[in-house]
Amino acid sequence: MGLMEERHFQGILSHGANAVAVAFIARVDGSGTLVIGFDDVPSTPESRFIINLMGVHTEKVTYLTLEGESVDGTKFHSEHLLLTSINHKAGKDGYCFPIKGRCSKAVFERQTDQPADRPTVVFWLRGTPDHSDWFAPLQASSAFGEIVMGTVGLADVQHPLTHFLTITAPAPETAADIWRPDAETFLHHVRWYMSFAMGVTMEAPVWEFRVANTITVTVFCRIPDRGTQMAAFRWHELGQLLNVVAKSYPTGENLLAALSWFLLSGVYTAQHLIHAMTALENLVDVGLTDEEKLVLTPAEAGSFVKVFRKLVKDTFGGKALSQTRDQLYKRSCEFERRTFMCKLTTLLEKLEVPIHDIGEARIKLAIDARNAVVHAGVYEDEDEGKADLWDHAMVIRELVIRIVFRSLGYEGHYTTHLGGWRDAVFPPPSSS
């Protein structure tokens, strides 16, 4: 990356037609966070717009543009600078503005004397230090080029960068401008599935693009998330999943929203259950066609609703019962849809997801437990023989994992938390 050393920039701070010359320092620290600091801005008619902006109320965030160049030729550009602090003080040369700010996105561009022989994209990832002890990088081939994922030396900062994920174009003559956006989208896809495997949201706060002698580094403001900390794979099993993800792309692209829910961190067991269940609901939604989600066709539902509403009107036609009548009218719109359990069963059968070792009864109880938490805010598991909430959360979690495996076409070893943390094989052996 080459940006961890502090650089001094001379540049322009602007908003619309207003602009003022500024001096600032910028670097990227060991957590992938952009660190930026400004010299005091002299108070002049040209800089007055900064004070004016701070006093204006707007419905949208007011971003400023900051650009500059350092002595070594490194260029900086951001259209997403947010001023977080501004003061007014007297200095030796008159009044000035001490300002502070941060960028939600910024781009560095610099030249190197070690040119890349092929276009390359690198994601610098922020995961968890517990997963930074691999013996060798993971490698896989894809239609976009060779993928490598490995670990980096941990910086002495909070939430350090822990891994890199890189892809190199298949040939030196690859058209970089055409290849780059597709490669970045693909690498984003791979990142989510490796996050799923490791049980932690592998944020990518720094994206690096290398072509010939030019290195472009894009830095994003990303809030760390610890994830579930429940890995679905041991480190030595990750290579097989990486190969499957690389070869099956774009299969599984519509599952990324479910993965983001699946990985959300939780303090309480109820949170793990709700997050996993939301992921499962999303998988059902994207995995079924509109027709598969309905128990009646639109025409059949329309005829049924007419009959039902006439019955409601005849039964609750009085003015005093208007609220009851309105509530029943609203519920009639749900008649055409299948229940969630019915839709889930349809998806499991469609994908041929094995559940013989889980059982439909356990799945129904887990769904009921989730409903109790969401609608009543509490789950009572004091009854003798009643499964506790953690068991229900692990049932739903296991269903999500198996649906993802079937969607990708993955078969092999993984780690399950159903019935305790242990090694498992997918698909599970048939019961004898």
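The values are calculated or read from the model by the stated rules, or taken from the named source; none is laboratory data. These numbers come from a predicted model, not from an experiment. A quick note on method: Cβ atoms are made from the backbone with ideal geometry, for glycine too, and the neighbour counts reach across all protein chains shown. Accessible surface areas use protein heavy atoms only, side chains included; no ligands, DNA or RNA. Shrake-Rupley method; radii C 1.70, N 1.55, O 1.52, S 1.80 Å.
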Quiz item: With all protein chains present, how much of the accessible area of the stretch 145-287 (probe radius 1.4 Å) comes from carbon and sulfur, to the nearest whole percent?
Solution: 55 percent
Self-check item: Straight-distance crosslink candidates among lysines, where the alpha carbon sits under 26 Å from Lys60 and sequence neighbours closer than 8 are dropped
Solution: Lys100, Lys105
Quiz item: Counting only protein heavy atoms, what percent of the accessible surface of the stretch 352-403 is carbon or sulfur at a 1.4 Å probe?
Solution: 47 percent
Quiz item: What accessible surface, in Å², does a 1.4 Å probe find on His189, ignoring ligands, DNA and RNA and rounding to the nearest 10?
Solution: 0 Å²
Self-check item: Å² per residue, accessible surface of the stretch 271-393 at 1.4 Å
Solution: 63 Å²
Practice problem: Would you mind working out the accessible area per residue for the stretch 76-165, using a 1.4 Å probe, and quoting it in Å²? | Solution: 54 Å²
Self-check item: Hits among aspartates and glutamates - C-alpha to C-alpha of Lys92 under 16 Å, sequence gap 8 or more where chains match
Solution: Asp39, Asp40
Practice problem: Could you tell me which of Tyr193, Trp179, Ile167 has its Cα farthest along the dipole of the stretch 127-205 towards the positive end, charges placed at Cβ (Lys, Arg +1; Asp, Glu -1), taken about the Cα centre? | Solution: Tyr193
Quiz item: Counting Lys +1, Arg +1, Asp -1, Glu -1, what net charge surrounds Glu69 among other residues with beta carbon under 13 Å of its beta carbon?
Solution: 0
Quiz item: What's the angle, to the nearest 10 degrees (0 to 90), between helix 389-408's Cα axis and the longest principal axis of the chain?
Solution: 70 degrees
Quiz item: Using a 1.4 angstrom probe and counting only protein chains, how large is the accessible area of Lys386 in Å², to 10?
Solution: 90 Å²
Practice problem: Would you mind checking the tilt of helix 340-351 against the longest principal axis of the Cα atoms of the chain, expressed as 0 to 90 degrees and rounded to 10? | Solution: 80 degrees
Practice problem: Just the number, please: carbon plus sulfur as a percent of the accessible area of the stretch 1-91, 1.4 Å probe, no ligands or DNA/RNA counted. | Solution: 50 percent
Quiz prompt | Qualifying trypsin sites (Lys or Arg not before Pro) in the stretch 5-85, DSSP loop, other Cβ atoms within 10 Å at most 13 | solution = Lys60
Practice problem: Enter the angle in degrees (range 0 to 90, nearest 10) between the Cα long axis of helix 298-315 and the first principal axis of the Cα atoms of the chain, meaning the one along which they spread out most. | Solution: 70 degrees
Quiz item: What does the highest-first list of 78-88, 299-309, 206-216 look like by mean Cβ count within 10 Å?
Solution: 206-216, 78-88, 299-309
Quiz item: Ignoring ligands and nucleic acids, what accessible area does Val425 show with a 1.4 Å probe (Å², nearest 10)?
Solution: 70 Å²
Quiz prompt | Size of electric dipole in the chain: Cβ of Lys, Arg +1 and of Asp, Glu -1, about Cα centre, debye, nearest 20 | solution = 1320 debye
Quiz item: the stretch 249-297 to the stretch 191-216: how many Å between their Cα centroids?
Solution: 24 Å
Quiz item: Once the piece of chain linking Asp72 and Asp93 is laid out straight, how much longer is it, given 0.36 nm per residue of separation minus the C-alpha distance between them?
Solution: 4.7 nm
Quiz item: Taking only the alpha-carbon atoms of the stretch 29-109, what semi-axes of the equivalent ellipsoid follow from 5 times the gyration tensor eigenvalues under a square root, in whole Å, largest first?
Solution: 23, 18, 12
Practice problem: Mind checking which lysines have their Cα closer than 26 Å to the Cα of Lys350? Skip sequence neighbours fewer than 8 apart in that chain. | Solution: Lys247, Lys293, Lys364
Quiz prompt | the stretch 1-53 versus the stretch 370-430: alpha-carbon centroid distance in Å | solution = 50 Å
Practice problem: For Rg/Rh (Cα atoms, Kirkwood Rh), several values are listed as (1) 1.07; (2) 1.12; (3) 1.22; flag the one computed from this structure. | Solution: (1)
Quiz item: Which whole number in µm²/s is D for the stretch 260-417 by Stokes-Einstein, with the Kirkwood Rh taken over Cα pairs at 37 °C and 0.692 mPa s?
Solution: 182 µm²/s
Self-check item: Charge dipole of the stretch 1-125 about the Cα centre (unit charges at C-beta), most positive-ward option of Leu34, Phe49, Ile12
Solution: Phe49
